[in-house]
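Report on the structure given below.
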Amino acid sequence: MSHKVLIKLISATTSSNRQDYLKAILSFELRGAKASTSAISDKLSTRPASVTGMFRVLADSDLIEYTPYKGAKLTIKGRDEAISLMRKHRLWETFMVEKLGFGWDEVHDVAEQLEHVDSLKLISKLDAFLGFPRFDPHGDPIPDSQGVFSDRSALVGVYEIALGKTASIRGVLSSSDSFLKHLDDLGIKLGLIFTVVKVFEYDGSFQVKVGGKEEVWSKKLVEQLLAEVK
């Protein structure tokens, strides 16, 4: 298939598909990682050839800078659009959890649809209605109206917290539905206050005190939790 034919086919894809690529690239840039063809292919579960074609489409639209074999980088225009999408997505997730009673494992797919609603007035009113939240239900920072992210540098992994220290859950590293459902089953939510009682040398699990009761969190679990030490 020729380059021109591939570009024509990909250009016919929906705007939401293009926006998904921009968000994926932004997610890599926010953590200082390279948005390579293979990395985006893995994240979006699509073929590398399709990623290459979309990169060319986005570059033609001045949304990214793309160098073959070196990956993609958002332009100012592309970054603005990606941040706007991320802002809408995280505000909708917050709204659904806080105001509609959804579980935090239920909101991602719906927010994926709502983030494509193109109304600045609606999002501004939604932000104000929610009290200008700084973090979404997963603890991820919500960009403000100027595209500025709140700082999460004060947060530490639960596995780093010393014995006897008290902390509160402020974020998660995994946002898979199965993991979030597991947290719900255990009663672990954002804002949960706990104290580290013991760390088991054998398997790295943590014994913690929550509300006067003690429970054990597995090593696999604590490695995915972020907290703020009191």
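The values are calculated or read from the model by the stated rules, or taken from the named source; none is laboratory data. Not measured: the values here are computed from a predicted model. Every residue, glycine as well, gets a Cβ built from its backbone with ideal geometry; the counts of neighbours run over all protein chains shown. Please note that ligands, DNA and RNA were not included when accessible areas were found on the heavy atoms of the full protein model with its side chains. Shrake-Rupley method; radii C 1.70, N 1.55, O 1.52, S 1.80 Å.
Looking at the structure I just gave you, is R18 in a helix (DSSP H, G or I), basic (K, R) and open to solvent by 40 Å² or more (accessible area, probe 1.4 Å)? Answer is yes for this residue. Tell me, please, whether a residue that is at pLDDT below 95, within 17 Å of the chain's Cα centre (by Cα), assigned to a helix (DSSP H, G or I) and not acidic (D, E) can be found in the stretch 47-60. Checking the stretch 47-60: not a single residue is at pLDDT below 95, within 17 Å of the chain's Cα centre (by Cα), assigned to a helix (DSSP H, G or I) and not acidic (D, E).
Pairs linking a residue in the stretch 22-34 that is in contact (Cβ under 8 Å) with a residue 60 or more places away in the chain and over 13 Å from P141 (Cα atoms) to a residue that is open to solvent by 30 Å² or more (accessible area, probe 1.4 Å) and outside any loop (DSSP other than H, G, I, E, B), with Cβ atoms under 9 Å and 6 or more positions apart or on different chains, are L22/R79; L22/E81; L26/R79.
Would you tally the residues in the stretch 137-169 being in a loop (DSSP other than H, G, I, E, B), among the polar types (S, T, N, Q) and open to solvent by less than 70 Å² (accessible area, probe 1.4 Å)? Count: 1. Mind checking whether some residue in the stretch 66-73 is at pLDDT below 90 and surrounded by 19 or more Cβ atoms within 10 Å (Cβ to Cβ)? Yes - at least one qualifying residue is present in the stretch 66-73.
Tell me, which residue of the stretch 188-226 that is out of contact with any Gly (no Cβ under 9 Å at 6 or more places or on another chain) and hydroxyl-bearing (S, T, Y) is most open to solvent (accessible area, probe 1.4 Å)? Among those that are out of contact with any Gly (no Cβ under 9 Å at 6 or more places or on another chain) and hydroxyl-bearing (S, T, Y), it is Y202. Among the residues of the stretch 170-183, not a single one is of a type outside the set (V, I, T), surrounded by 13 or more Cβ atoms within 10 Å (Cβ to Cβ) and touching a Ser or Thr at 6+ places or on another chain (Cβ under 7 Å).
Scan the stretch 107-129 and tell me whether some residue there is closer than 20 Å to I188 by Cα and either in a loop (DSSP other than H, G, I, E, B) or open to solvent by 60 Å² or more (accessible area, probe 1.4 Å) (or both). Looking through the stretch 107-129, at least one residue is closer than 20 Å to I188 by Cα and either in a loop (DSSP other than H, G, I, E, B) or open to solvent by 60 Å² or more (accessible area, probe 1.4 Å) (or both).
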